[in-house]
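Data first, discussion second: the structure below is written as structure tokens.
The values are calculated or read from the model by the stated rules, or taken from the named source; none is laboratory data. Keep in mind that this is a model prediction, so the values were computed, not measured. So basically every Cβ, Gly included, is an ideal-geometry build from the backbone, and we count neighbours across all protein chains shown. The accessibility values were calculated without ligands, DNA or RNA, using every heavy atom of the protein model including side chains. Shrake-Rupley method; radii C 1.70, N 1.55, O 1.52, S 1.80 Å.
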Amino acid sequence: VQLQASGGGLVQAGGSLRLSCAASGGTFSRYHMGWFRQAPGKEREFVAAISSGAITTNYADSVKGRFTISRDNAKNMGYLQMNSLKPEDTAVYYCAADRTRTLTAQWREYGYWGQGTQVTVSS
């Protein structure tokens, strides 16, 4: 499956952005999906994940209550709604997918990645 993330941009602290992840070339509904981010000089970190059938979601503690992950399998799309953004949310955001048995926050378990979209939150 091929993934393409979009929707990043520059926003002031407290603002919102919605990231999208378009999937093609595979049966998207068979894949768990995750969002990860990487800031300059830092390791890639887990943001959120959603199971293939959208039954289960997981969030990093740092975004819980502010971010919402969702998907529309009929449209082969995944989303990350980000509210109450903070400067520390600034990073390149990646969507990822894989057909792992269980939903995981470990980026090494995801075999398919989008190209990343920059999110910059100004203070």
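May I ask you to list the residues in the range 95-123 that are open to solvent by 20 Å² or more (accessible area, probe 1.4 Å), in contact with an Asp or Glu (Cβ under 7 Å, 6 or more places away or on another chain) and in contact (Cβ under 8 Å) with a residue 60 or more places away in the chain? Within the range 95-123, Asp98, Thr100, Tyr112 meet the criteria. Looking only at the range 87-94, decide whether some residue is in a loop (DSSP other than H, G, I, E, B) and either touching a residue at least 40 places away in the same chain (Cβ under 8 Å) or open to solvent by 60 Å² or more (accessible area, probe 1.4 Å) (or both). Yes - at least one qualifying residue is present in the range 87-94.
Across the range 56-64, not a single residue is classified as touching a helix residue (DSSP H, G or I) at 6+ places or on another chain (Cβ under 9 Å), of a type outside the set (D, E, K, R), more than 24 Å from Arg108 (Cβ to Cβ) and not in a strand (DSSP E or B). Looking at Ser52, Ser20, Ser6, just one residue is within 21 Å of Arg108 (Cα to Cα) and either at pLDDT below 95 or open to solvent by less than 60 Å² (accessible area, probe 1.4 Å) (or both), and that residue is Ser52.
Scan the range 26-67 residue by residue and report those that are over 16 Å from Lys86 (Cβ atoms) and among the β-branched types (Val, Ile, Thr). Across the range 26-67, the qualifying residues are Thr27, Ile50, Ile55, Thr56, Thr57.
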